[in-house]
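A short worksheet on the structure shown next.
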Amino acid sequence: MRQLLTYALSKIPEVTTIEVPNGLEALKYLAEKDPPDIILSDINMPVMDGLKLVQRIRAEEKLVAVPIVMVTTEASEEDRDRAFVLGANAYISKPIVAARLVKEIKSLLNIDD
């Protein structure tokens with residue numbers, strides 16, 4: 001899935017992607033680096049799930065304004081609502097349509113077509 005997302009994002013010239021294998025590694029990376037422009041996360045990840053990751057990101061002052069897109073197989077309204085309550089800015093259920101993902105990211109980053 002990460003490879004598919006990375007490929008889709010490569011269609012946006014302004015975007016550089018960084019991949020990490022799980023939520024805990026994402027937190028470690030984010031603590032050591034400048035804030036990214038946007039974060040994409042799945043809900044189902046090993047070590048730390050994406051919802052916990054969103055909650056932890058939103059607790060960090062330097063990351064509070066970074067848009068977060070959840071990309072997940074969890075299509076229930078309950079999961080979607082929880083993601084938004086925790087601070088996600090967008091929620092895309094799998095199967096992923098690359099054009100929709102690119103459009104959502106461009107919108108969140110205010111990138112014109």
### Message
Computing the accessible area with a 1.4 Å probe over protein heavy atoms, can you report the carbon and sulfur percentage for the chain?
### Response
49
### Summary
Rg (one decimal) and Dmax (whole number) from the Cα set of the range 53-113, in Å, equal 12.2, 33
### Task
Quick one: which residues, 5 or more positions from Ile92 or on another chain, have an amide H under 5 Å from its amide H? H modelled 1.01 Å from N in the peptide plane, none for Pro or chain starts.
Met70, Val71, Thr72
### Query
When the Karplus curve 6.51 cos²θ - 1.76 cosθ + 1.60 is applied with θ = phi - 60°, which whole-Hz ³J(HN,Hα) does each residue of the range 50-57 get, with x for Gly and Pro?
x, 5, 5, 4, 4, 4, 5, 4
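Find the eigenvalues of the gyration tensor of the Cα atoms of the range 19-70, then list the square roots of 5 times those eigenvalues as equivalent ellipsoid semi-axes, largest first, in whole angstrom. Can you show the working numbers first?
Numbers: eigenvalues 49, 26, 19 Å².
Values for the range 19-70, descending: 16, 11, 10 Å.
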## Note on the structure
With the convex hull built on the alpha-carbon atoms of the chain, volume per residue in Å³ sits at 96
### Query
Points 7 angstrom from Cα along the Cβ direction at Leu24 and Asp81: gap in nanometres?
3.2
## Note on the structure
Applied in sequence order to the range 81-90, the curve 6.51 cos²θ - 1.76 cosθ + 1.60 (Karplus, θ = phi - 60°) yields integer Hz couplings, x standing for Gly and Pro, of 4, 4, 4, 5, 4, 6, x, 5, 9, 8
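Placing unit charges on C-beta atoms (Lys and Arg positive, Asp and Glu negative, everything else neutral), compute the dipole magnitude of the range 1-80 about its Cα centre in debye, rounded to 20. Walk me through the intermediate numbers first.
Working: 9 positive and 14 negative charges, 29 e Å.
In total the dipole reaches around 140 debye.
As a check on your grasp of the helix formula, calculate [θ] at 222 nm for the chain: sum -39500 (n - 2.57) over DSSP H runs of n ≥ 4, divide by the residue count, round to the nearest 500.
On the way: 5 runs with 48 residues, N = 113.
Computed mean residue ellipticity for the chain: -12500 deg cm²/dmol.
The values are calculated or read from the model by the stated rules, or taken from the named source; none is laboratory data. Model, not experiment: these values are computed from the prediction. Heads up, the Cβs are rebuilt from the backbone with ideal geometry, glycines too, and the neighbour counts pull from every protein chain shown. Only protein heavy atoms, including side chains, enter the accessible area calculation; ligands, DNA and RNA are left aside. Shrake-Rupley method; radii C 1.70, N 1.55, O 1.52, S 1.80 Å.
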